[in-house]
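The structure appears right after this line, and notes come after that.
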Amino acid sequence: MAMLQSIVVFTLLLLMLILIIIIIIIIVVFAFKPWRFFSYPSRCRAIKVGELERPLVSNNVDLAQDQSNDLTRNYDLDGECHLNAALLRPPRTQGLVHKQRLSSASRRLALGDSVVGDVSDPLDGILVGQTLKRLVVTEHLVELQTHGRPENQSQNLRFGTENVRPQESVPNTDAISDQRSCLSLQVVSGPSCGLHCSVLSTSTARLPLTLGRVPPSYLLLKDYEVSGKHAMITWNLNKLRWELVDMGSLNGTLLNSCPIHHPDPGSRLWGDPVELASGDTITVGTTSNIYVHISSHNERLVPFGVGMTSDPMSLRRGGKKLPMEDVCYYHWPLPGINQFGVFGICDGHGGVGAAKSASKILPEMVATILTDSVKRERVVSEQDASDVLRDAFSQTEASMNNYYEGCTATLLLVWADADENFFAQCANVGDSACFINMDGKQIKMTEDHKVTSCSERLRIEGIGEPLKDGETRLCGLNLARMLGDKFVKQQDSRFSSEPYISQVVHLKKSSGAFALLASDGLWDVVSFKKAIQLVVQARERHSTETENLAEKIAEVMLNEARTQRTKDNTSIIFIDFDSISTVSSCKVRP
């Protein structure tokens, strides 16, 4: 009997223990995961295969496409994308906040910018797992947030705070197909000298174009003074122009010797964008100079070889930085004037302003005069363009407004007759010289207009105001003829802008003819005779090469000026009348 009672008591205790365990399990389950015991069949549905890859927002190009509504992306100066916890956004009470997804090209154009838009209809009834369809974007404009970058920039770069509609962020290339511009860059000095590249304004896959020391920079400069991503060039679609911006480089960026980087280089902030013009020089680091050439895409080739190069020689004068004041250019053919072209050099003093003005106005004046068919036919029939050159210089001087800046101007006019015989005639003021070598004979095409030259002393004596003994300068200038310098010309009547006009040279075929134009940076250290020897030697050395032979010879001449340690800006144009150029028909270079 006692045993039976013990069994009953043990069984009851065991049942109570099991009951307690069950109660504990139920309490734990309800306390931590009560939703397992309930379901909402009205709000759930099975997710089919493939829907996991479907976007939360419709792929319509006019609609928002990105469901990342909580985080904004921030790009650092090196272009790396990271999540910024400080920019977490709280949920909005009305509408879904989302980021606009950019195309690969647009993403490169808008590095560092967060694009935010609003969806008009409230989406409280939309659950995770359902695909949003036919969303309508409200009239809220896209907000652009910047991260330490400059304002006042075009839509392409997306710098600054700017209100634009989402559909305006993608340029219409069809509408600008007739406004294509070609940007060419060539490294003219520094460790990567000779490197060059070109890009069209419609090449969205290659824009923006980055200059830097490491990939993915498009123009790689092997210069330890250049930052990994140093500067960037893009095409401003609104203003139809190329623009350069410093990307927060450590050593800064110069455009024509003027700084364009942020005033505080240690901040690594981007500088303000600046417009690029054909003939500009970009300096990155201290020795890497990049020449800029901008032209229309559809250009004709020059019927003879042309090489053009320049160097400011900025560290030659006792370590003092020397600004670039030379501008050299050529146009073949002149706009609307077939079979006529010009090649010229302007060497500025007191600044580069007068040289830039003259290099732009002078060719335009020549082209304007030659649009007169009577004058043009007279040049061809009489084989003389003296009147055209004289009038062009006179009209250029009258059009220039440079009172405290002046420049030399040497212009070589080349034309062809109906039988494709070429002729050349030169006009100049100042001391930038030109000569032609044909059949081994040297023909000087310019005259030196320094105050100390015999021709200028005779001219000044002829106007009744001879120079005094020992006088080598007029108003501090060593030149008696130039374009610009309106102020000193008003003070002293001995100054002149009347050009020297050379004889006409018939450039015979198979005569080995070539022309060499250069600023005084070359002629200060290299004689005409030495220059001819260098050209002949370079031709023999590269006799088996036909491509870019004229450019190589121009570089040879520039290297000689460096070797002889010239102390002035040096610009060179070499024209080989026995070869055909493979470069653009219109070119300008400082």
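Seen from Pro466, the other residues with C-beta closer than 14 Å to its C-beta sum to a net charge of -2, counting Lys and Arg as +1 and Asp and Glu as -1. For the set Lys489, Lys444, Lys239, Lys375, solvent exposure ranked by accessible area (probe 1.4 Å, protein chains only) runs largest to smallest as Lys239, Lys444, Lys375, Lys489. Shown are His506, His230, whose ranking by accessible area with a 1.4 Å probe and every protein chain present, most to least, is His506, His230. For the residue pairs Lys375/Lys444; Lys360/Lys530; Lys486/Lys508; Lys360/Lys486; Lys509/Lys530; Lys375/Lys508, the C-alpha atoms sit more than 30 angstrom apart in Lys360/Lys530; Lys486/Lys508.
Taken one residue at a time, the phi angles of the stretch 181-191 give Karplus couplings (6.51, -1.76, 1.60, θ = phi - 60°) of 10, 10, 9, 10, 10, 9, 7, 9, 7, x, x Hz. Gly and Pro are set to x. Taking N as the residue count of the stretch 305-576, its C-alpha radius of gyration divided by 2.2 N^0.38 Å amounts to 0.99.
Taking every protein chain into account, the accessible area of the stretch 315-412 amounts to 42 square angstrom per residue (probe 1.4 Å). Residue separation of Ala2 and Arg241 scaled by 0.36 nm, minus their Cα-Cα distance, works out to 75.2 nm of gained length. Treating each Cα of the stretch 181-296 as an identical point scatterer and summing with the Debye formula, the log10 of I(q)/I(0) at q = 0.18, 0.20 Å⁻¹ comes to -0.84, -1.06.
Could you compute Rg(Cα) / (2.2 N^0.38 Å) for the stretch 226-291, with N its residue count?
Expressed relative to 2.2 N^0.38 Å, the Cα Rg reads 1.05.
Taking all protein chains together and a 1.4 Å probe, the residues Asp280, Asp578 rank Asp578, Asp280 from largest to smallest accessible area. Subtracting the Cα-Cα distance of Glu465 and Leu15 from 0.36 nm times their residue separation leaves 148.6 nm of extension gain.
Computed with every protein chain present, the accessible area of Ile27 is close to 100 Å² [probe 1.4 Å]. Expressed in Å, the radius of gyration and Dmax of the Cα atoms of the stretch 480-536 are 16.9, 51. At the residue level, Tyr403 shows approximately 110 square angstrom of accessible surface with a 1.4 angstrom probe and all protein chains present. Counting protein heavy atoms only, the stretch 305-576 has 46 percent of its accessible area on carbon and sulfur, 1.4 angstrom probe.
At a Förster radius of 25 Å, what calculated FRET efficiency corresponds to the Cβ-Cβ distance of Thr563 and Ser453, to the nearest 0.05?
Efficiency for this residue pair is about 0.40.
Length available on full extension from Lys508 to Thr371: 0.36 nm per residue minus the Cα-Cα distance, which gives 46.7 nm. For the stretch 437-534, the fraction of C-alpha pairs more than 18 angstrom apart is 57%.
The values are calculated or read from the model by the stated rules, or taken from the named source; none is laboratory data. Please read these numbers as outputs of a predicted model, since none were measured by experiment. Note that each Cβ is placed from the backbone with ideal geometry, even for glycine, and that neighbours are counted across all protein chains shown. These accessible areas exclude ligands, DNA and RNA; they are computed on the full protein's heavy atoms, side chains included. Shrake-Rupley method; radii C 1.70, N 1.55, O 1.52, S 1.80 Å.
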